[in-house]
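Okay, so here's the structure we're looking at.
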Amino acid sequence: MTLTNRIKLLLLALLLTVGVVLADQVSKAMVRDFFSGRDPVLEYGSYFMLVSAWNTGVSFSLFAESGRAGAIFFTVLALVVSIGLLVWLFLQPLLSRSIAVGLVAGGAIGNGLDRLRFGAVYDFLYFHIGSWGWPAFNLADSTIVIGVGIIILFDLFKGSNKSI
């Protein structure tokens, strides 16, 4: 890959990362504003609810009771992971991997910004079937899952086409 193509790939991935961060932060602000002074739950049909929830823990609210020390730890961890992802992004020679890492980095930075600003991550999407439900999440969480899925998918099939 030429240096020019590598720079174009990097700029595309960085643009995607910034776009994810902006979309995540704007969507969270819009939902927070929407719920200001309202009931923190709005049901749409029988499978989806818009909720207003602060997650002080990590995935699935693990370690949510860790207090201020936990909030500081998870904020620092989010920043370190975000920096590591950006470094990894600079090293990517493949389009699929660059897109995937850009999605993960954007999501990690978006949630990290929440931790820095509020000490918790704002979640607002909640899917459920009857009494069983998936934990509330946000756009940043979605892009992280999609990015990791792309990395896993392409790593499973990397022997078949190494140029993707």
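The values are calculated or read from the model by the stated rules, or taken from the named source; none is laboratory data. The structure presented is a predicted model; accordingly, all values stated were derived computationally and were not measured. No Cβ is skipped: glycine too gets one built from the backbone with ideal geometry, and neighbour counts run over all protein chains shown.
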task = Tell me which residues, restricted to the range 19-46, are surrounded by 14 or more Cβ atoms within 10 Å (Cβ to Cβ) and hydrophobic (A, V, I, L, M, F, W, C).
result = 20, 21, 23, 31, 35, 42
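For the range 105-122, what are the residues that are of a type in the set (A, V, I, L, M) and either more than 13 Å from the chain's Cα centre (by Cα) or part of a loop (DSSP other than H, G, I, E, B) (or both)? Please lay out each step first, then the result.
Narrowing the range 105-122 to residues of a type in the set (A, V, I, L, M): 105, 108-109, 113, 116, 120-121.
Within the range 105-122, 116, 120 meet the criteria.
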task = Determine the pairs where a residue that is more than 23 Å from residue 121 (Cβ to Cβ), located within the range 95-108, has a partner that is assigned to a helix (DSSP H, G or I) with Cβ atoms under 6 Å apart, the partner being 6 or more residues away or on another chain.
result = 96/154; 98/9; 98/13
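Name the one entry in 84, 102 that is modelled with pLDDT under 85, part of a helix (DSSP H, G or I) and either under 27 Å from residue 154 (Cβ atoms) or among the acidic types (Asp, Glu) (or both). If you could, list the steps in order and put the result at the bottom.
Values: 102 fails: modelled with pLDDT under 85.
The unique qualifying residue is 84.
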message = For residue 125, only one of the following conditions fails: (1) closer than 15 Å to residue 23 by Cβ; (2) of a type in the set (A, V, I, L, M); (3) assigned to a helix (DSSP H, G or I). What is its number?
response = (3)
